[in-house]
1. Please determine, by comparing only the residues of the range A:1-35 that are touching a Ser or Thr at 6+ places or on another chain (Cβ under 6 Å) and under 21 Å from A:Val122 (Cβ atoms), which one is surrounded by the fewest Cβ atoms within 10 Å (Cβ to Cβ).
2. When A:Met63 is evaluated against the numbered criteria (1) of a type in the set (A, V, I, L, M); (2) surrounded by 21 or more Cβ atoms within 10 Å (Cβ to Cβ); (3) under 11 Å from A:Ala10 (Cβ atoms), which criterion, by number, is the only one it fails?
3. Taking the criterion of being more than 9 Å from chain A (Cβ to nearest Cβ), farther than 27 Å from A:Phe86 by Cβ and at pLDDT below 80, would at least one residue in the range B:49-71 satisfy it?
4. Just to be sure I understand, how many residues within the range A:94-118 are under 13 Å from the mean Cα position of the chain (by Cα) and not small (Gly, Ala, Ser)?
5. Residues of the range A:5-30 being of a type outside the set (Gly, Ala, Ser), within 14 Å of chain B (Cβ to nearest Cβ) and free of Cβ contacts under 8 Å to residues at least 60 places away in the same chain, which ones?
6. What about A:Leu68, is it within 18 Å of A:Ala116 (Cα to Cα), more than 14 Å from chain B (Cβ to nearest Cβ) and either under 12 Å from the mean Cα position of the chain (by Cα) or at pLDDT 95 or above (or both)?
7. Can you pull out every residue in the range A:61-88 that is among the hydrophobic types (A, V, I, L, M, F, W, C) and either touching a residue at least 24 places away in the same chain (Cβ under 8 Å) or within 16 Å of A:Ile102 (Cα to Cα) (or both)?
Amino acid sequence: MTRTPMILIAEDEQSIRDCVREVLEMEGYEVQTAVDGMDAWQRLNAQGRKPDLLITDIMMPNMDGYELIERIRNHVDLKYMSVICFTATRNIRSRLADSQCIHVTKPFDLDELLGAIESCCVNNNKPNKELL
Amino acid sequence: MRRNPELAHKIASRPDIERLRHKAIDMLQAAQLISVLLSKPMDAVKEIEVEERVIDMLEDATYNFRTYLREKLKAYEDELIRENTDQRETIDRGNKLIEDTVKLGKQRGLSHLEGRR
């Protein structure tokens, strides 16, 4: 039996956070939300099941997406986590060139986001299948 | 009115203008997502639930954006007032300096300085 993928959304804009959560729940994903990078980092380090995928904005208060991604990539248990980041400018893309993230440009089309999520979840399942 | 590209670039690269641009993109993004959300097929109970939530989201988003813009405009206004005050003080100091110089000139009998006023 395959488990439902869990997605963590880090986005400071409440309307986007709520809408994306709503849509992803409709699509059958399990969703957690965080109001900024710091909140996301605390959730990633909390006890219990870790999310399979992080969707994060870059411009956020307290801790921005750059720092959050850097911490994830330097963390022993989280460094291979799939990350999709919302970007709005080319500068952001070039700064995250080596971060192994999928970039989705705002304002994005929902199908584009769903396609990116699907490809991440398929890739995440590969190692598990090989172990069986 | 002719655009000044240098000034336009200077204004556009200000961090607060950049943040404002991101905020506007976020609003556009939220509107797009809400529109997609409402177009999804769902049962009547779910539809009412989602619509209610979407209305709340829209109200919150509009309120937040308005508040944000108001705060920004107030900050710009304060900045302009501060800049104008600084300029006014500089002009006043300059005028005072000229007056003092002329007075001093008169006292010393150098009346030709008055012509510079």
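The values are calculated or read from the model by the stated rules, or taken from the named source; none is laboratory data. These figures come from a predicted structure and were not determined experimentally. Note that we place each Cβ from the backbone using ideal geometry, even for glycine, and neighbour counts take in every protein chain shown.
1. A:Glu30
2. The failed condition is (2).
3. no
4. Number satisfying all stated conditions: 9.
5. Residues satisfying the conditions are A:Ile9, A:Asp12, A:Glu13, A:Gln14, A:Ile16, A:Arg17, A:Asp18, A:Cys19, A:Arg21, A:Glu22, A:Glu25, A:Met26.
6. For A:Leu68, the condition - within 18 Å of A:Ala116 (Cα to Cα), more than 14 Å from chain B (Cβ to nearest Cβ) and either under 12 Å from the mean Cα position of the chain (by Cα) or at pLDDT 95 or above (or both) - is not met.
7. Scanning the range A:61-88 gives A:Met63, A:Leu68, A:Ile69, A:Ile72, A:Leu78, A:Met81, A:Val83, A:Ile84, A:Cys85, A:Phe86, A:Ala88.
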